[in-house]
Amino acid sequence: MVYYIRFLKPPKLDTKTGNTRALITITTDLGDDFYPANLTLYAVIITDYREEPMTEWHTVLWKKGMRTAWIELGKLPSRGPKFMRLLVSTQCTEVADTVLLNDLPEILSARSDTFGWDDPQAGNKIERRYKTAQGEGRSIYEETGESIARHIWDAGIALAAFLSDIVLYPPPTSHLAMTLTRTTPLGPKILELGSGCGIVGLEIAHLCPTSDVLLTDLPEAMAIMDYNVSKAKKSSGTGKITTATLDWDHALPELIKQGQCDLVMVSDCIYNSDSIPALVKTLAAVIERPPAALVVVAMKVRHDSEAVFFELMAKAGLIKAENYAIPLPDQQRADTEQALEAVDVYVFRKKKEERADQS
């Protein structure tokens with residue numbers, strides 16, 4: 001599994017002493033477990049614009065059984081840059097994490113929100129910087145609070161790596177690869193359900209510059225999603241990106257009901273079995289008009305109750321067309337030769353007879 005360095009108490013600069021203090025944890029995407037082994041972390045304060053180190057690298061010892069760790073850095077010069085960040089990583093480097101299909105990071109580093117002498121308390125956002133197989137740097141923000149809707153999840157990380165790889169090395173028989181790599185003037189129209197921070201939808205927008213990507217989620221996730229979308233739009237070479245609120249328990253909004261899409265993306269959205277019927281109902285409604293649309297689901301199985309998802313998909317006339325397994329890193333399991341956890345990526349399509357009836 002992937003572990004995430006998170007700020008429980010964002011950095012705060014003591015304007016009298018020049019010291020900076022923060023409280024961190026290393027936890028899972030659901031926040032239900034903590035990193036279980038001894039580990040050396042490295043922390044440094046960098047400038048916001050050039051990542052120029054403002055302090056020496058500071059080591060932080062994370063010991064087996066810990067749930068939190070304090071970081072204290074200083075002393076900062078009183079005439080330093082206006083905006084600074086605290087970077088915490090498993091490596092003594094400012095380089096972004098490498099997120100590859102067969103080499104996902106076990107622990108994701110974190111950059112705090114900005115702070116400085118005029119505003120000594122950092123905000124509630126965490127920046128994750130990473131590089132996929134495409135080699136280009138990516139950036140995604142999440143929030144420091146406990147709402148899992150505003151964090152990135154294992155399946156989102158794995159799916160972003162998978163999409164990058166499949167576009168770079170498209171399997172000749174994959175309908176998903178053909179959709180993502182088509183060279184027509186109008187790229188694929190993509191809808192993502194349960195987008196959260198938007199890591200998957202934004203990855204597609206980077207990979208397919210002519211794409212039209214719509215990210216959706218519940219109202220509580222919209223602020224961080226819109227923040228990431230606004231950041232992405234400032235980059236050149238991305239597809240069209242829009243956002244909308246979508247509750248699976250309600251009727252489809254006209255924006256989605258009247259539109260058509262080539263792909264529907266879902267990642268880590270079936271961990272709560274109570275929401276699965278509404279999700280499947282929404283998926284069936286979304287692809288009712290364009291029978292050739294594909295549904296891509298990335299999931300890390302957490303409970304046996306999630307099996308009902310496949311039963312309901314079959315009843316809705318959606319069958320598995322492609323299936324991929326992405327191993328998740330786990331040094332503890334590897335050392336004891338246990339089987340690694342994985343994120344499974346399923347590509348669904350309508351049954352051929354149903355597609356024929358609607359053609």
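The values are calculated or read from the model by the stated rules, or taken from the named source; none is laboratory data. Small disclaimer: the values here were computed from a predicted structure and weren't measured. A quick note on method: Cβ atoms are made from the backbone with ideal geometry, for glycine too, and the neighbour counts reach across all protein chains shown. To get the accessible areas, we keep the full protein, side chains included, count just its heavy atoms, and leave off ligands, DNA and RNA. Shrake-Rupley method; radii C 1.70, N 1.55, O 1.52, S 1.80 Å.
Condition test on Val301, is it out of contact with any strand residue (DSSP E or B) (no Cβ under 9 Å at 6 or more places or on another chain) and either part of a helix (DSSP H, G or I) or open to solvent by 30 Å² or more (accessible area, probe 1.4 Å) (or both)? Judged against the criteria, Val301 is not a match. Filter the stretch 2-45 down to residues that are surrounded by fewer than 20 Cβ atoms within 10 Å (Cβ to Cβ) and among the hydrophobic types (A, V, I, L, M, F, W, C) and give me whichever is modelled with the lowest pLDDT. The selected residue is Leu30. If you go through the stretch 178-209 and keep only what is among the β-branched types (Val, Ile, Thr) and either open to solvent by 10 Å² or more (accessible area, probe 1.4 Å) or over 17 Å from Ala293 (Cβ atoms) (or both), you end up with Thr179, Thr181, Thr183, Thr184, Ile199.
Looking at this structure, is Asp103 under 26 Å from Glu52 (Cβ atoms) and acidic (Asp, Glu)? Against the criterion (under 26 Å from Glu52 (Cβ atoms) and acidic (Asp, Glu)), Asp103 does not qualify. If you go through the stretch 71-94 one residue at a time, how many are surrounded by 13 or more Cβ atoms within 10 Å (Cβ to Cβ), within 16 Å of Asp119 (Cβ to Cβ) and not basic (Lys, Arg)? Adding up the residues that qualify gives 6. Only strands (runs of 3 or more DSSP E) whose full extent lies in the stretch 1-90 are considered here, and the ones with at least 1 residues that are in contact with a strand residue (DSSP E or B) (Cβ under 8 Å, 6 or more places away or on another chain) and touching a residue at least 40 places away in the same chain (Cβ under 8 Å) are 3-13, 20-27, 39-47, 69-73, 84-89. Contact map, the stretch 161-185: residues that are under 26 Å from Ser139 (Cα atoms) paired with residues that are modelled with pLDDT of 90 or more and surrounded by fewer than 14 Cβ atoms within 10 Å (Cβ to Cβ), Cβ distance under 7 Å, separation 6+ or inter-chain. Pairs shown: Ala177/Pro171. Among the criteria (1) surrounded by fewer than 15 Cβ atoms within 10 Å (Cβ to Cβ); (2) closer than 19 Å to Tyr141 by Cα; (3) modelled with pLDDT of 95 or more; (4) not basic (Lys, Arg), the one Thr68 does not fulfil is (2). Among the residues of the stretch 109-127, those that are in a strand (DSSP E or B), closer than 21 Å to Val229 by Cα and open to solvent by less than 30 Å² (accessible area, probe 1.4 Å) comprise Ala110, Arg111, Ser112, Ile126, Glu127. Once the stretch 231-256 is narrowed to residues that are part of a helix (DSSP H, G or I), open to solvent by 50 Å² or more (accessible area, probe 1.4 Å) and in contact (Cβ under 8 Å) with a residue 24 or more places away in the chain, the residue that is farthest from Val343 (Cα to Cα) is Leu255.
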